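In what follows, a structure is listed as structure tokens, so that the remarks can point back to it.
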Amino acid sequence: MHPGNAKESAPFGLAIHGGAGVIVRAEMTPEAETAYRGALQAALDAGFDILNQGGTATDAVVAAIKRLEDDPLFNAGKGAVLTHEGICELDASIMDGRERRAGAVAGVRYTRNPIELARAVMDQSPHVMLVGEGAERFADSLGFERVPNDYFQTERRRLQLERARQRDEAAARQAQRADPRQSSADEFSIPDLAFDAERKWGTVGAVALDRSGNLAAGTSTGGMTNKRFGRVGDSPIIGAGNYADNRTCAVSATGHGEYFIRANVAHTIALRMALAGEPVHTAAQAAIADVAALGGTGGVIALSKDGAVAMPFNTPGMYRGLRFSDGRSRVDIFGPSP
Ligand code: ASP
């Protein structure tokens, strides 16, 4: 570049994830791997096309996440995991890095694409977060189509719930035997929702950088199998599971949400970059190390304002991919993280 030239512009593009967990090649059929790779690529292409045509980072994030919500492979929208009562309760959030405007919904049951409702909260309400029936009434007021909760439910998730319930009941009985003062394994016991081999796979997220240098981040999930009492994880919590700030980076997380909330993961990455001047890889690795130190597992995708992407995770695998105007393009499933 010659002195005096305008600053070379950053590449535009996006990165996505489809959840972290005990995802190992030995347990995945070639057909399943092909299906996951195809779904991730389709979501990347949907987002990239929008950016390529001059669309905003926020538009690209919504387009990529919508694809993943509509795909029953992932734990978001159709195919979301089931609560203790056997229904789907969905959480989603979005953030625009320009002015740090944000929108989120939690515990929605009838909105086909929760990421679109989160965006409506950001763009068409003075609020950041709406929950449950209130969020759904807001959707009604905007003319969103309601779908029955059955639309989201799949047989695969029903079997996962059965196994999770049996495991949680056995764990509660064992804990009570070890310490009889503990509350009995009755219907009011709160499962630990351990982020184990069953409760993984599939929260979705996207981070994008558009031609104008704007960042955005979005995350959407059904939460964790066998959750109850209105449990909400990190995905719809701005600063925990999702964050975007044009001055630093855009982040979307996946993992055991309670730990990501406690470690305030997404905002911490942005803050480390802003205050400590860390590159995005260092900041993202440090945030995941902090989650691990608390005992949590999961991963993040983090995109810097310069177009650098970090995707650290401390689980065996994470569905992930990226596509950028400078030719970077890949889809990965298994570890180790790059
Ligand atoms: N983070 C999500 C939650 O805790 C779960 C996931 O990422 O799979 O609700």
**Message:** On the basis of being part of a loop (DSSP other than H, G, I, E, B), within 28 Å of Arg328 (Cα to Cα) and more than 8 Å from the ligand (Cβ to nearest atom), does Arg211 make the cut?
**Reply:** yes
**Prompt:** Would segment 189-204 turn up any residue that is at pLDDT 90 or above and either within 16 Å of the ligand (Cβ to nearest atom) or within 23 Å of the chain's Cα centre (by Cα) (or both)?
**Reply:** yes
**Prompt:** Which of the residues that make up segment 75-101 are within 21 Å of Arg137 (Cβ to Cβ) and either in contact with a His (Cβ under 9 Å, 6 or more places away or on another chain) or surrounded by fewer than 22 Cβ atoms within 10 Å (Cβ to Cβ) (or both)?
**Reply:** Ile87
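Just give me the residues in segment 142-170 being in a loop (DSSP other than H, G, I, E, B) and surrounded by 15 or more Cβ atoms within 10 Å (Cβ to Cβ), in sequence order.
From segment 142-170, those in a loop (DSSP other than H, G, I, E, B) are 142-145, 147-148, 153-154; that's our starting set.
Listed by number, the residues that qualify are Phe144, Val147, Gln153, Thr154.
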**Request:** Name every residue in segment 44-77 that is in contact (Cβ under 8 Å) with a residue 60 or more places away in the chain and within 16 Å of the ligand (Cβ to nearest atom), in order of residue number.
**Result:** Ile65, Leu68, Glu69, Pro72, Leu73, Phe74, Asn75, Ala76, Gly77
**Fill in**
Picking from Arg262, Arg247, Arg330, the residue that is in contact with a Leu (Cβ under 7 Å, 6 or more places away or on another chain) and more than 13 Å from the ligand (Cβ to nearest atom) would be Arg330
**Request:** Please go through segment 14-43 and pick out each residue that is under 22 Å from Arg211 (Cα atoms), in contact (Cβ under 8 Å) with a residue 60 or more places away in the chain and in contact with a helix residue (DSSP H, G or I) (Cβ under 7 Å, 6 or more places away or on another chain).
**Result:** Leu14, Ile16, Ala43
**Asked** Just one of the numbered conditions (1) within 16 Å of the ligand (Cβ to nearest atom); (2) under 21 Å from Thr58 (Cβ atoms) is not true of Ala270; which one?
**Response** (1)
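The values are calculated or read from the model by the stated rules, or taken from the named source; none is laboratory data. None of these values were measured; they are calculated from a predicted model. Cβ atoms come from the backbone with ideal geometry, glycine included; neighbour counts cover every protein chain shown.
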